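Report on the following structure.
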2 protein chains.
Amino acid sequence: MSLADRIRNPELQSRIMSAEAAAALIPAGANVGMSGFTGAGYPKALPQALARRIEALHAAGDPFRISVWTGASTAPELDGALAKVDGIEMRLPFQSDPVCRQKINAGEMHFTDIHLSHVAQHAWFGFLGHLDVAVVEVTGILPDGRLIPSMAVGNNKTWLDLADKVILEVNTLQPTQLEGMHDIYYGTALPPHRKPIPLVHPNDRIGEPYLHCDPAKIVAIVGTHQSDRNSGFAAPDDNSQRIAGHIIEFLQHEVKQGRLPASLLPLQSGVGNVANAVLAGLNDGPFSGLTGFTEVLQDGMLDLLRSGKMESASSTAISLSPAALADFTANIDFYRQRIVLRPQEISNHPELVRRLGIIAMNAMIEADIYGNVNSTHTMGSSMMNGIGGSGDFARNGYLSFFVTPSLAKGGTISCIVPMVSHVDHTEHDVQIIVTEQGLADLRGLSPRQRAKLIIEQCAHPDYRDALCDYTERAWRDGPGRHTPHLLDEALSWHSRYLRTGHM
Amino acid sequence: MSLADRIRNPELQSRIMSAEAAAALIPAGANVGMSGFTGAGYPKALPQALARRIEALHAAGDPFRISVWTGASTAPELDGALAKVDGIEMRLPFQSDPVCRQKINAGEMHFTDIHLSHVAQHAWFGFLGHLDVAVVEVTGILPDGRLIPSMAVGNNKTWLDLADKVILEVNTLQPTQLEGMHDIYYGTALPPHRKPIPLVHPNDRIGEPYLHCDPAKIVAIVGTHQSDRNSGFAAPDDNSQRIAGHIIEFLQHEVKQGRLPASLLPLQSGVGNVANAVLAGLNDGPFSGLTGFTEVLQDGMLDLLRSGKMESASSTAISLSPAALADFTANIDFYRQRIVLRPQEISNHPELVRRLGIIAMNAMIEADIYGNVNSTHTMGSSMMNGIGGSGDFARNGYLSFFVTPSLAKGGTISCIVPMVSHVDHTEHDVQIIVTEQGLADLRGLSPRQRAKLIIEQCAHPDYRDALCDYTERAWRDGPGRHTPHLLDEALSWHSRYLRTGHM
């Protein structure tokens, strides 16, 4: 279907222009809210045209930077292109682009790392400043001006509502049959006018399938015909399969103990290969009648839907490998009956995560012996991607798993350390730690009990003795025995790694 | 009113016995859920009788310990008495007793520190083990067996529902006119059967004024006539008044900017002298039509109700100084119209805290330059009291303040440090840090921007240069510039304090 066919509102057809012309409408210093969540549904032509404009301006000695707000991570065409030309002053709330990350960690770009459920409301509250421009990918425009969302909803509703000017990118490569898959909740309000969110089952529809936007604000419409990032997944390796095995065994045990229903509770799964392996494991596992309530639907969950093990899935984005995307597109009518795409303030809402009793499974960088988790920083200082929705789900879920292989960087790094170099999830929010070595069920335990279990169950044997030695000496010589630590040594594993290349 | 007059159910009258006889019904190794929240509404006679029994057993060489679950802190008659005789194996979720704290930090007692909103559901989920006995203070029993709660609700509903055996302590000193002040919500359920909690205003009543308990489970009723802890407050000192001044000035600014309604949003205030001073400051301040939605109602909030500045307050406990208690008792009909006491899973519920848009104000032990907050540990290892409800409110509120004087221990400790020695509230959950020096508004800022502001606004001048020096060297020499740290030095301030008595 052509660009003109996708824009069924005649007045808006007149605002079609080139990406270059649209990019020229964005002023220096603007706060720009862009679509995009986990490499899905981000604008593609406009950011690249803007990057070219910025590059030319910088070459002419003119400063030009913007702040970029999104749903979550985007792709090289957005984060990469703008970061490469030093076009980003401040970025929020999550990114995973190598160039962007390099600039952040070189101190050349500000990055504000925010719980994904907080972003929309903080924008509404006015805490992030004024939103000047929204740049949002859609799959089409209805005759009455309503917008058909794309592969991610993210914060698009909020950006469209708040921005002074709106630039739409209509992506003719995204399937038109996405229409009807979305559920945009327009019942939010500012305190003190908020009401209960009327969602009691993961696939309840509480909104409408379209985004609204005041046509008077739409200053440009750009056509594009480019695919999403569509990163592939590594085939599950031994470690991932072992982690998946530990989780599935634990869930079976919990069902047997009467602490979980036989069809479990709605699953949330973070991004990445390990998470994908866990879902693959569930597909071969004993559970059926599953549901998903997550922020991004990846290959593993699509497989579960296709196999019938999972009945429905709710998320804010669909981020697939090329092969999975082909299946999704070919069978989109099947998936539309089983998938609901929501704004991320709803997909990740604490109210809903707690009400539904989500089983939260998120990857981490490292955990310490007392169960504090670092999801974001390497060696205490450098940002990896951001906290994403892990806090929304871990704090409010029924069960919160954090998973990682026990070793990183060829065994030079232990992912279980005396003290994490940065804390994103405190001991209060971390219930179950899983590595390929085993699973530590920390529920109801004191710090000393947790340490024993984490070292025994999760640490790699190469580092286990050293961790035991630390805890014994901290018990003997530390300043207190509730959470025994030797403060001169607590971060020495990281320091040693920085100094010698080995923890 | 006599004990017999307070127990209006004839069958239950027959179960009145001495505290000693009731204490004999608790088996060794039991998990015991006791009432009590911030020194209010805890059982008084039974725990002391149990402590005497344990002391005698220990003297005879018989081991005897129990695990004690409560709402929050209790008092010397409960935590103190049982800890003193080494009668507690494990304690959750919050305590503030000196003897209890000493045992925890000597490694002689396990302590599990849990968000207060999580406790009831974790007990229901079966995550904490089986609850053997409930020991709950009430003010009376209706003819049909329903229970009139006391000065705190805490987790009493859950303990009464879950325990095999129930021991009631009827405290004839608590005012009978408390009847009708409570709102016990019986609409909770386990996932996947949970429904929205139908509360949209701080003083909505969504439950009933009484606790239910299967009479068959009530194995003993003990009479007592003892007052609650009723700790006094220090008169607001200079530092507290300055902190209060900064907060009030900030709130006025936010109203002016249109980011808060003129009557603000519901206030949550942590315990202690500084929190009390902030409320005192509000009583002299420009705001009216205030509401409270907090976990414990202390003197400051009572003053606001009496003055008419505050229209209503919701909490799970009332914890007053002797003078304020006299006023409360004398004017209890006035206060009953303005105060609602709820279970702590409701008073602190993330769903409600976020919906209502709470202004959360909590004390802390220390903050670091990047805005991570330590609420629980001294020098990384020793437990002070516990996280309490600070996480429930800070994560989900509209605004989250963390306050402390900039110095502790006569200036030998800086409460702003390079890296906190324990993290309870991460950079993602901390919006505004206030000391007597000033206020740092961290909303929307990157770590480097936060550091600049926290050092400039909040650190004491005696430590400011050293903090600047650290950040400059960390920027220059650290492993990354997103959150610049020198890992060999990050905790050196605490180490130095332990070594030399001065940071």
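The values are calculated or read from the model by the stated rules, or taken from the named source; none is laboratory data. These numbers were taken from a predicted model, which means no experiment stands behind them. Every residue, glycine among them, receives a Cβ derived from its backbone with ideal geometry; neighbour counts consider all protein chains shown. When the accessible area is computed, the model is the full protein with side chains, heavy atoms only, and any ligands, DNA or RNA have been set aside. Shrake-Rupley method; radii C 1.70, N 1.55, O 1.52, S 1.80 Å.
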Rounded to the nearest whole number, the per residue volume of the convex hull around the C-alpha atoms of the stretch A:311-376 in Å³ is 143
If N is the residue count of the stretch A:104-201, its Cα Rg over 2.2 N^0.38 Å rounds to 1.26
Put B:E20, B:E254 in order of accessible area, largest first, probe 1.4 Å, and you get B:E20, B:E254
Output field shielding_mean for A:113-126 (other chain Cβ, 10 Å radius) holds 3
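Grab the other residues whose beta carbon is less than 12 angstrom from that of B:H212, score K and R as +1, D and E as -1, and report the net. The partial results should precede the final answer.
Numbers: positive: B:R146, B:K157, B:K217; negative: B:D144, B:D161, B:E208, B:D214.
Summing Lys and Arg as +1 and Asp and Glu as -1 gives -1.
Heavy atoms only, probe 1.4 Å: what % of the accessible area of the stretch B:119-192 goes to carbon and sulfur, would you let me know?
Here carbon and sulfur together make up 53 percent of the probe-accessible area.
Give the average, rounded to an integer, of partner chain Cβ atoms located within 10 angstrom of each Cβ in B:94-107.
Values: counts 0, 0, 0, 0, 0, 0, 0, 1, 0, 2, 4, 6, 3, 8.
The shielding value for this peptide is 2.
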Per principal axis, largest first, the Cα atoms of the stretch B:23-142 extend in Å by 39, 38, 26
With DSSP loop assignment and no more than 16 other C-beta atoms within 10 Å, the GluC sites (Glu not before Pro) in the stretch A:56-108 are A:E108
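Report, as a whole number in µm² per second, the diffusion coefficient that Stokes-Einstein gives for the stretch A:357-467 at 25 °C and 0.890 mPa s using the Kirkwood radius over alpha carbon pairs. Before the final figure, lay out each step's value.
Working: Rh = 13.6 Å.
Estimated via Stokes-Einstein, D reaches 181 µm²/s.
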Averaged over all viewing directions, the convex hull of the alpha carbons in the stretch B:407-503 casts a projected area in nm² of 6.1
Ignoring ligands and nucleic acids, A:K452 exposes an accessible area, probe 1.4 Å, in Å² to the nearest 10, of 130
note: chain A, Cα-Cα separations exceeding 46 Å make up a percent value of 12
Using alpha carbon positions and the Kirkwood radius, the Rg to Rh ratio of the stretch B:178-258 is 1.16
Compactness check, the stretch A:12-92: C-alpha Rg relative to the 2.2 N^0.38 Å globular estimate gives 1.04
Along the dipole axis of the protein assembly as shown (charges at Cβ: +1 for Lys and Arg, -1 for Asp and Glu; origin at the Cα centre), the most positive-end residue among B:A23, B:S263, A:A24 is B:S263
Sorted shortest first, the nm distances from the A:P27 label point (7 Å along Cα→Cβ) to its counterparts in the other copies are 7.5
Taking alpha-carbon centroids only, the stretch A:28-68 lies from the stretch A:122-158 a number of Å equal to 17
The alpha-carbon center of the stretch B:1-25 and that of the stretch A:193-227 are separated, in whole Å, by 61
In whole percent, the Cα-Cα distances of the stretch B:282-400 spread across 5 Å bins from 0 upward as 2, 11, 18, 20, 19, 15, 10, 4, 2, 0
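What's the average, rounded to a whole number, of partner chain beta-carbon atoms within 10 Å of each residue's beta-carbon in A:192-201?
5
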Among B:I184, A:P343, B:G61, the residue whose Cα sits farthest towards the positive end of the charge dipole of the protein assembly as shown (+1 at Cβ of Lys and Arg, -1 at Cβ of Asp and Glu, taken about the Cα centre) is B:I184
From the Cα centre of the stretch B:474-488 to that of the stretch A:331-376, the distance in Å is 32
Using alpha-carbon coordinates alone, the radius of gyration and Dmax of the protein assembly as shown in Å work out to 28.2, 93
Order by accessible surface, 1.4 Å probe, largest leading, for residues A:R342, A:R476, B:R146 comes to A:R476, B:R146, A:R342
Toy charge model, Lys and Arg Cβ at +1, Asp and Glu Cβ at -1: the protein assembly as shown dipole around Cα centroid in debye, rounded to 20, equals 560
Of every Cα-Cα pair in the stretch B:216-322, the percentage lying beyond 20 Å is 45
Chain A: relative contact order from alpha carbon pairs under 8 Å, six or more residues apart, as a whole percent, is 14
By accessible area (1.4 Å), largest first, A:S269, A:S231, B:S14 order as B:S14, A:S231, A:S269
at A:A216 the sorted inter-copy label distances (label 7 Å from Cα on Cβ side), in nanometres, are 6.9
For A:H502, inter-copy label-point distances (7 Å, Cα→Cβ), nm, shortest first, read 4.2
Expressed as a whole-number percentage, the relative contact order of the stretch B:153-210 with C-alpha contacts under 8 angstrom and at least six residues apart is 35
With every protein chain kept in place and a 1.4 Å probe, the stretch A:279-419 has an accessible area per residue in Å² of 21
Heavy-atom accessible surface buried between B and A, both sides counted, 1.4 angstrom probe, nearest 100 Å², is 7100
